[in-house]
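> Can you keep this structure in mind? I'll have questions shortly.
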Amino acid sequence: MEVLLGLAVAVSMGVSDVIGGLAGRRAGPLRTTTGVHVTGAAIVGLYLLATMQHPGGVRETLLAAAGGLVMAAAAICFYMGLSWGRVTVMSPVTFAAVAVLTFMSGLLRGERPSGLALSGVALIFVAVVLVSRPVREPARPPGEAGARRRLGLGGEVVLSVCAGGGFVVFQILLLEIGVADGPAPLLVVRGVGGILGLAALAVLRGRGRGESTGPPRQKALVPIVVAGALLILGHSMLIEALHRGFLSIVGPITSLTPAFTVLGAWLFLREHVSRTQLAGMVITIAGLALLALG
């Protein structure tokens, strides 16, 4: 069951990444991240009201608040990369980092992987090198999404690793919280992220440094809400998956996210994918599959 839940998380988060990246290019990464947090908090809050569930005890609330701080930092790194860089680089590198780091965290927690799983880790390192290689992209008209790229390869990799590390810490905190309260801790997680984002936006607005204005910002509203809804759904399933399986298995399975993200970026954002990157993505999936089987 944990394998199916992990795959469902990967699909949900992969589609959310594509939609969130599109929203970020219209409204800016900070505004997009804040909107995703607020959307998630609103959905969980309505769910708790409808089911009359308690938001959790003091320990769970403190752990969730810490998770909110970590997730806020990781999310802004991730959406900066999605907004200003290439989705086809950001997502594979980020989730390859998640796979390896969750695998290592499982080792530290006493889990003992098989030789098959160790082979998967080795493949992932190779895949990261291939996927991250710069490619010459075809010229694009000024209005196309690809023309808005601001980050080079180095910036994309740094943001990917930072985001991946934050997502791993978030998963570990979810594992410590447990599932007794269901998705209730996510209200605190998203609430903290939303408050921090709104505060940052208020400061920037006071200094006259807003990210974007006009119609593009309004057009980003629906993608932000959809991305936030898919992300909170994915995290709710992640809580259940972590309860049913090992971190060293569930983490890598959820890291299949790039398969769906890259497909969406190629189909909808028209991002160029080289043969080398394609080979890297295939190896990434193969490595993640070996990790899951191991």
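The values are calculated or read from the model by the stated rules, or taken from the named source; none is laboratory data. Here the structure is a predicted model, which is why all the values come from computation and not from measurement. A quick note on method: Cβ atoms are made from the backbone with ideal geometry, for glycine too, and the neighbour counts reach across all protein chains shown.
> Considering each of VAL15, VAL98, VAL44, VAL58 in turn, give the residue that is more than 15 Å from LEU174 (Cβ to Cβ) and touching a residue at least 12 places away in the same chain (Cβ under 8 Å).
Matching residue, one of VAL15, VAL98, VAL44, VAL58: VAL15.
To keep it simple, each residue is scored yes or no on (1) β-branched (Val, Ile, Thr); (2) farther than 22 Å from LEU118 by Cβ; (3) surrounded by fewer than 21 Cβ atoms within 10 Å (Cβ to Cβ).
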| residue | (1), (2), (3) |
| --- | --- |
| VAL226 | yes, yes, yes |
| LEU230 | no, yes, no |
| GLU240 | no, yes, yes |
| GLY245 | no, no, yes |
| GLY251 | no, no, no |
| PHE260 | no, yes, yes |
| LEU267 | no, yes, yes |
| ARG270 | no, yes, yes |
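> What number of residues within the stretch 47-97 satisfy the criterion of being within 21 Å of THR261 (Cα to Cα) and of a type in the set (D, E, K, R)?
Counting residues in the stretch 47-97 that are within 21 Å of THR261 (Cα to Cα) and of a type in the set (D, E, K, R) gives 1.
> Which one of these is surrounded by 24 or more Cβ atoms within 10 Å (Cβ to Cβ), out of contact with any strand residue (DSSP E or B) (no Cβ under 8 Å at 6 or more places or on another chain), more than 23 Å from GLY178 (Cβ to Cβ) and not acidic (Asp, Glu): ALA122, ALA73, ALA127, ALA64?
Just one listed residue meets the conditions, ALA127.
> Being surrounded by fewer than 18 Cβ atoms within 10 Å (Cβ to Cβ), within 22 Å of ASP17 (Cβ to Cβ) and at pLDDT below 80 narrows it down to one residue among GLU137, GLU111; which is it?
GLU137
> Does any residue in the stretch 235-264 that is closer than 18 Å to ALA75 by Cβ come within less than 7 Å, Cβ to Cβ, of a residue that is of a type outside the set (Gly, Ala, Ser) and assigned to a loop (DSSP other than H, G, I, E, B) six or more places away or on a different chain, and which pairs are these?
The qualifying pairs are SER236/PRO183; ILE239/VAL179; ILE239/PRO183.
> Could you please let me know if GLU60 is part of a helix (DSSP H, G or I) and of a type in the set (D, E, K, R)?
yes
> Now for a different question. Can you name the condition, by its number, that VAL36 falls short on among (1) at pLDDT below 85; (2) touching a Ser or Thr at 6+ places or on another chain (Cβ under 9 Å)?
All conditions are met except number (1).
> Hey, among VAL250, VAL222, VAL203, which residue is assigned to a helix (DSSP H, G or I), β-branched (Val, Ile, Thr) and modelled with pLDDT of 90 or more?
Just one listed residue meets the conditions, VAL222.
> When you check THR213 against the structure, is it outside any helix (DSSP H, G or I) and either of a type in the set (Val, Ile, Thr) or modelled with pLDDT of 80 or more (or both), yes or no?
yes
> Inside the stretch 36-57, can you point out the residues that are surrounded by fewer than 24 Cβ atoms within 10 Å (Cβ to Cβ) and in a helix (DSSP H, G or I)?
Once the filter is applied, which keeps residues that are surrounded by fewer than 24 Cβ atoms within 10 Å (Cβ to Cβ) and in a helix (DSSP H, G or I), the stretch 36-57 yields VAL38, THR39, ALA41, ALA42, ILE43, GLY45, LEU46, TYR47, LEU48, LEU49, ALA50, THR51.
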